[in-house]
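Accompanying notes for the structure given below.
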Amino acid sequence: MVVLYTIGFTKKNAKDFFNKLRQAKVKKVIDIRLNNNSQLAGFTKKDDLAFFLQELCNCQYEHRPDWAPTKEILDRYKKKEITWADYEKLFATLLSEKNINETVALENLDHACLLCSEATPEKCHRRLVAEYLKKIFADLTVKHL
């Protein structure tokens, strides 16, 4: 069985964030934010995050903006022009169009962790990506940290 984790960094300090990754024995963090230079949490900026992951967790870093929503979809949701249900449908279509299933192998997801900013997975695209991958790979188990 392959375990894929997800985590958001909002409302977490660096200690809690990196401890969760260490405790889960995460081998690779897959950053699925469109913009990985966010100022929301300084420890999650691209170069800093890659350094901290290696030093604190012996963990790899990979940025996959192709697994993120487009700026247009995200902006429309944030401006309340579309509902969460609309967002989910648009994002599912986007993932299908991008053929993300052709860009990853199941073994590369084992003890990997999808990263984005949302504190919880309920209304976050990391949950949607994880569910999409679960449909492709029957042996995949998803756990939210």
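The values are calculated or read from the model by the stated rules, or taken from the named source; none is laboratory data. Bear in mind that the values here come from a model prediction, so they are computed numbers and not experimental data. Backbone-built Cβ (ideal geometry, glycine too); neighbour counts: all protein chains shown. Quick note on the areas: whole protein, heavy atoms, side chains included, nothing else; ligands and nucleic acids left out. Shrake-Rupley method; radii C 1.70, N 1.55, O 1.52, S 1.80 Å.
So which residues in segment 100-125 are modelled with pLDDT of 95 or more and in contact with a His (Cβ under 8 Å, 6 or more places away or on another chain), if there are any at all? Hits for segment 100-125: nothing passes.
Could you list, in sequence order, all residues of segment 123-145 that are part of a loop (DSSP other than H, G, I, E, B) and over 14 Å from Val104 (Cβ atoms)? Even if it seems obvious, please write down each step before you answer.
Pass one, segment 123-145, residues part of a loop (DSSP other than H, G, I, E, B): 123-124, 137-139, 145.
Matches in segment 123-145: Lys123, Cys124, Ala138, Leu145.
The set of residues from segment 99-139 being more than 24 Å from Trp84 (Cβ to Cβ) and surrounded by 18 or more Cβ atoms within 10 Å (Cβ to Cβ) comprises Leu109, Ala112. Of the residues in segment 65-82, at least one is under 14 Å from the mean Cα position of the chain (by Cα) and of a type in the set (D, E, K, R). Pairs linking a residue in segment 84-107 that is in contact (Cβ under 8 Å) with a residue 60 or more places away in the chain to a residue that is not in a helix (DSSP H, G or I), with Cβ atoms under 8 Å and 6 or more positions apart or on different chains, are Leu106/Val2; Leu106/Phe137; Leu106/Asp139; Leu106/Leu140; Glu107/Val2.
Looking at segment 15-37 only, could you name the residues that are open to solvent by less than 80 Å² (accessible area, probe 1.4 Å), charged (D, E, K, R) and free of Cβ contacts under 8 Å to residues at least 60 places away in the same chain? Passing the criteria: only Asp16.
Screening Leu49, Leu56 for residues that are out of contact with any His (no Cβ under 8 Å at 6 or more places or on another chain), at pLDDT below 95, more than 23 Å from Ala130 (Cβ to Cβ) and in a helix (DSSP H, G or I) leaves exactly one candidate, Leu56. For segment 59-74, filtering for residues that are acidic (Asp, Glu) and either in a loop (DSSP other than H, G, I, E, B) or open to solvent by less than 60 Å² (accessible area, probe 1.4 Å) (or both) leaves 2.
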